[in-house]
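The structure appears right after this line, and notes come after that.
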Amino acid sequence: MKKLIISIFIISFFVLSFFCGNNDENLNASGKDSTKNAKEDIGKISEERNIPAGLKKLFLAYPDYIDSVDENHLYWKDGTKMIYDDGRQKTFEDRLNDPDLEDMMWQEYTAGKEYEIPEKDFDPGRIRFEPFFLKIYGSSASEVRGNLTTIQWMPKSTKSKVSVMKLNDVDLQLKAVSDELDKLPENLKKYVTKTAGTFYWRKIAGTNRLSTHSFGIAIDINTDYSDYWLWDKKMKYKNRIPLEIVEIFERYGFIWGGKWYHYDTMHFEYRPELLVSPD
Ligand SMILES: [Zn+2]
């Protein structure tokens with residue numbers, strides 16, 4: 001009898017792990033069916049070739065735009081291609097100011113409530129290869145503006161609207177975030193009912209780099225509870241945003257600036273490539 005119980009226990013464990021494993025397979029920030037096909041494709045490709053994990057992640061996260069990848073290239077559906085690794089040795093500042101796709105995928109973003117206080121210059125997602133975003137979302141302010149749509153922000157709790165990118169389903173993902181935030185208890189809502197901007201075509205202060213707000217794929221939440229490295233002379237990491245909120249954004253493909261050494265805790269941006277698993 002004892003043996004039978006133990007056997008049932010072991011079998012249940014394996015059955016459960018199998019189903020949980022399958023859920024992980026669907027760990028796709030964008031939640032699109034096409035990613036499943038992309039995963040099968042990349043499985044085939046990587047069996048024979050040595051494809052960098054970062055390149056695989058890009059391929060999996062943007063199935064509507066990327067046709068295929070090889071060892072060092074990304075091929076867009078419009079027939080153009082981009083080099084992944086330009087092969088140059090770079091300092092952190094070089095990577096930030098003159099990155100390639102490899103630099104963009106260099107630091108790994110950790111999803112979830114558990115994360116380390118970022119070490120010096122650990123800014124996963126803050127290095128961005130601009131041509132990548134210009135290609136998907138629009139190459140000028142007016143082109144991006146033409147690709148924006150408006151959504152009701154937390155309709156059960158506010159009357160406000162936000163403007164957001166409609167390409168790549170960013171609007172649907174943000175709407176899903178908004179619906180979940182709307183269900184939060186009142187004490188958590190104060191961090192998010194008031195927002196501080198989505199689309200704004202601009203260079204990041206003091207740099208030559210476009211902010212992701214330029215593409216309508218970023219949102220800043222309530223600045224009353226936010227901390228930003230440039231506001232802080234000592235630049236000592238701090239955060240007042242509850243991680244429950246961060247997890248909701250991450251579930252739909254948005255990374256959080258609160259996990260950067262150059263912390264920006266009001267800031268979320270749609271970067272599914274940093275949240276997708278390459279395996
Ligand atoms: Zn921001």
(Q) Whether any residue in the stretch 193-201 is over 21 Å from the mean Cα position of the chain (by Cα) and within 14 Å of the ligand (Cβ to nearest atom) is what I want to check. (A) no
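A quick yes/no check of all residues on (1) of a type in the set (D, E, K, R); (2) in contact with a His (Cβ under 7 Å, 6 or more places away or on another chain); (3) surrounded by fewer than 20 Cβ atoms within 10 Å (Cβ to Cβ); (4) on the phi < 0 side of the Ramachandran plot:
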residue: K194; (1), (2), (3), (4): yes, no, yes, yes
residue: F215; (1), (2), (3), (4): no, no, no, yes
residue: E244; (1), (2), (3), (4): yes, no, yes, yes
residue: K259; (1), (2), (3), (4): yes, no, no, yes
residue: Y263; (1), (2), (3), (4): no, no, no, yes
Q: Considering only the stretch 167-192, state which residues are more than 16 Å from the ligand (Cβ to nearest atom), part of a loop (DSSP other than H, G, I, E, B) and under 16 Å from E250 (Cα atoms).
A: L184
Q. Is it the case that the stretch 93-104 has a residue that's in contact (Cβ under 8 Å) with a residue 60 or more places away in the chain and in a loop (DSSP other than H, G, I, E, B)?
A. no
Q: List every residue pair whose Cβ atoms lie under 6 Å apart, where the two residues are 6 or more positions apart in sequence or sit on different chains, the first residue falls within the stretch 247-265 and is over 24 Å from M235 (Cα atoms), and the second residue, located anywhere, is within 16 Å of the ligand (Cβ to nearest atom) and among the aliphatic types (A, V, I, L, M).
A: I248/V177; F249/V177; Y252/V177
**Q.** Filtered residues of the stretch 270-279 (kept if within 13 Å of the ligand (Cβ to nearest atom) and part of a loop (DSSP other than H, G, I, E, B))
**A.** R271
(Q) So for the stretch 230-241 (the condition being in contact (Cβ under 8 Å) with a residue 24 or more places away in the chain, under 30 Å from S140 (Cβ atoms) and either touching a strand residue (DSSP E or B) at 6+ places or on another chain (Cβ under 7 Å) or buried (at least 22 other Cβ atoms within 10 Å of the Cβ) (or both)), does at least one residue qualify? (A) no
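In this structure, does A205 turn out to be within 16 Å of the ligand (Cβ to nearest atom), among the small types (G, A, S), touching a residue at least 24 places away in the same chain (Cβ under 8 Å) and more than 23 Å from K156 (Cα to Cα)?
yes
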Q) Inside the stretch 247-269, can you point out the residues that are of a type in the set (V, I, T) and either over 20 Å from K120 (Cα atoms) or more than 12 Å from the ligand (Cβ to nearest atom) (or both)? A) I248
Q.
Which numbered condition in (1) part of a helix (DSSP H, G or I); (2) of a type in the set (A, V, I, L, M, F, W, C); (3) touching a residue at least 24 places away in the same chain (Cβ under 8 Å) is the only one that V164 fails?
A. (1)
Q. Can I241 be described as farther than 24 Å from M104 by Cβ and at pLDDT 95 or above?
A. yes
Q. Which one of the conditions (1) of a type in the set (A, V, I, L, M); (2) in a loop (DSSP other than H, G, I, E, B); (3) crowded, with 20+ Cβ neighbours inside 10 Å does V144 fail to meet, given that it meets all the rest?
A. (2)
Q. Looking at the stretch 209-229, which of its residues are among the hydrophobic types (A, V, I, L, M, F, W, C), free of Cβ contacts under 8 Å to residues at least 60 places away in the same chain and within 12 Å of the ligand (Cβ to nearest atom)?
A. A218, I219, I221
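The values are calculated or read from the model by the stated rules, or taken from the named source; none is laboratory data. Bear in mind that the values here come from a model prediction, so they are computed numbers and not experimental data. Cβ coordinates were reconstructed from backbone atoms using ideal geometry, including for glycine residues, and neighbour counts include every protein chain displayed.
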